[in-house]
1. Confirm whether residue 200 is touching a Phe, Trp or Tyr at 6+ places or on another chain (Cβ under 9 Å), exposed (fewer than 13 other Cβ atoms within 10 Å of the Cβ) and at pLDDT 80 or above.
2. Mind checking which residues of the stretch 110-123 are open to solvent by 20 Å² or more (accessible area, probe 1.4 Å) and either not in a helix (DSSP H, G or I) or not aromatic (Phe, Trp, Tyr) (or both)?
3. Identify, by number, the condition in (1) in a helix (DSSP H, G or I); (2) open to solvent by less than 40 Å² (accessible area, probe 1.4 Å); (3) farther than 30 Å from residue 113 by Cα that residue 236 doesn't meet.
4. Mind checking which residues of the stretch 205-225 are open to solvent by 10 Å² or more (accessible area, probe 1.4 Å) and either of a type in the set (Ser, Thr, Tyr) or modelled with pLDDT under 80 (or both)?
5. Kindly establish whether residue 152 is within 25 Å of residue 189 (Cα to Cα) and assigned to a helix (DSSP H, G or I).
6. Report yes if residue 132 is assigned to a helix (DSSP H, G or I), closer than 21 Å to residue 37 by Cα, open to solvent by 20 Å² or more (accessible area, probe 1.4 Å) and at pLDDT 80 or above, otherwise no.
7. Kindly evaluate residue 14 against the criterion of being polar (S, T, N, Q), surrounded by 18 or more Cβ atoms within 10 Å (Cβ to Cβ) and over 21 Å from the mean Cα position of the chain (by Cα).
Amino acid sequence: MSLTVFASAPVIHTIGTPWLWGGTIIAVLALLVLDFSLTRRPHEVSMREAIGWTVFYIALPVLFGLFLWGNNGGKPAMEFFTGYLLEKSLSVDNLFIFMLLLSAFAVPAALAQRVLLYGIAGALVLRGIFIALGAAALATLDWAFLLFGVILLITAVKLLADAAGGHEQDVDISSMRSVRLLRRIWPVTDDYRGTKMIVREADPKQPSKLRRALTPLALVVTAVMATDLVFAVDSVPAVYGVTGDPFLVFATNAFALLGLRALYFVLHAALSRLVHLAYGLAAILAFIGVKLVMHWAHGVWSGVPTIPTATSLVVIVVALATVTFTSLRATRGQQQPDAEISTPSA
């Protein structure tokens, strides 16, 4: 089923039955528990391990999409696959920022996957909140599509401006309010203490007393979650431009995010070569923004055409293929930077 909008009383249709919602949420939680158990003992991730888990997390949405096709028909399945591809492409941009944060905080290689997992868990919670808010807005506000479209168009312009100015990969840790606030409230240890984020240690002013202190791991996890909030603002409206079904929006976000931990280690060396990715994402977000505005206008003036999901899928695939080709061509023959995940901890 699809989203139907009336100018006076918007109505949202969804394929998400209680059983489907419950089963999907349980599966997502089970996969998170599995990931946390796998990272309980910190270790450096081998390429073989990363590729294996990446294949697993790509196979899951493919099987889920085929299930939707057989159980609910081709339209929901097409919307799911299109939304998943959109979210996956946006998540690659997230990986750029994660890579810079891990480097800036000098995260030991053995702890990198635990940091990523915390970021993924936080992103799932934030996306769930934004998806619920988005569904409520679409159900009660006939201009919500217009609002989402404007947000995406502004984001596309900003991405394009940053890419043209060479600022698409800038991360200034000292300017992050969340990190500065934590440093003011809590003392921070000089080194990492395994997977612990809070430890008890001797107070330098009163050596006989113990104090609670944050480890650098707590700071980097906070920074990652703060960036998750920014990405959620763009990501959720974007996928609502593909499907108005809250269940499909949640499913596309969940499947796209779950595989990020493994995908990071597979793409880490190649990320620095995707120099044109921001241009492609700007084009995709601008296209989805225009689609949302046209969808809103169609509810007001029936003569305004709407853009079908199949067209969105083609645009996303072509844009990603184009920027990947041009990026690899532009960086061909260039010496790539060291692909180590982190520098020695301070």
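1. On the way: touching a Phe, Trp or Tyr at 6+ places or on another chain (Cβ under 9 Å): no; exposed (fewer than 13 other Cβ atoms within 10 Å of the Cβ): yes; at pLDDT 80 or above: yes.
The answer is no for residue 200.
2. Of all residues in the stretch 110-123, those open to solvent by 20 Å² or more (accessible area, probe 1.4 Å) come to 110, 114, 118, 121.
Once the filter is applied, which keeps residues that are open to solvent by 20 Å² or more (accessible area, probe 1.4 Å) and either not in a helix (DSSP H, G or I) or not aromatic (Phe, Trp, Tyr) (or both), the stretch 110-123 yields 110, 114, 121.
3. It is condition (3) that residue 236 fails.
4. 205, 206, 207, 208, 209, 210, 211, 222
5. Details: within 25 Å of residue 189 (Cα to Cα): no; assigned to a helix (DSSP H, G or I): yes.
So residue 152 does not fit the description; no.
6. Values: assigned to a helix (DSSP H, G or I): yes; closer than 21 Å to residue 37 by Cα: no; open to solvent by 20 Å² or more (accessible area, probe 1.4 Å): yes; at pLDDT 80 or above: yes.
Here the answer is no, as residue 132 does not meet what is asked.
7. Details: polar (S, T, N, Q): yes; surrounded by 18 or more Cβ atoms within 10 Å (Cβ to Cβ): yes; over 21 Å from the mean Cα position of the chain (by Cα): yes.
In short, yes.
Conditions (1) at pLDDT 90 or above; (2) surrounded by 13 or more Cβ atoms within 10 Å (Cβ to Cβ); (3) in a helix (DSSP H, G or I); (4) not β-branched (Val, Ile, Thr), marked per residue:
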{"site": "41", "(1), (2), (3), (4)": "no, no, no, yes"}
{"site": "49", "(1), (2), (3), (4)": "no, yes, yes, yes"}
{"site": "53", "(1), (2), (3), (4)": "no, yes, yes, yes"}
{"site": "58", "(1), (2), (3), (4)": "yes, yes, yes, no"}
{"site": "69", "(1), (2), (3), (4)": "yes, yes, yes, yes"}
{"site": "76", "(1), (2), (3), (4)": "yes, yes, yes, yes"}
{"site": "90", "(1), (2), (3), (4)": "no, yes, yes, yes"}
{"site": "99", "(1), (2), (3), (4)": "no, yes, yes, yes"}
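The values are calculated or read from the model by the stated rules, or taken from the named source; none is laboratory data. All figures in this text were calculated on a predicted structure; none of them were measured in a lab. Note that each Cβ is placed from the backbone with ideal geometry, even for glycine, and that neighbours are counted across all protein chains shown. These area figures cover heavy atoms from the full protein model, side chains too; ligands, DNA and RNA do not enter into them. Shrake-Rupley method; radii C 1.70, N 1.55, O 1.52, S 1.80 Å.
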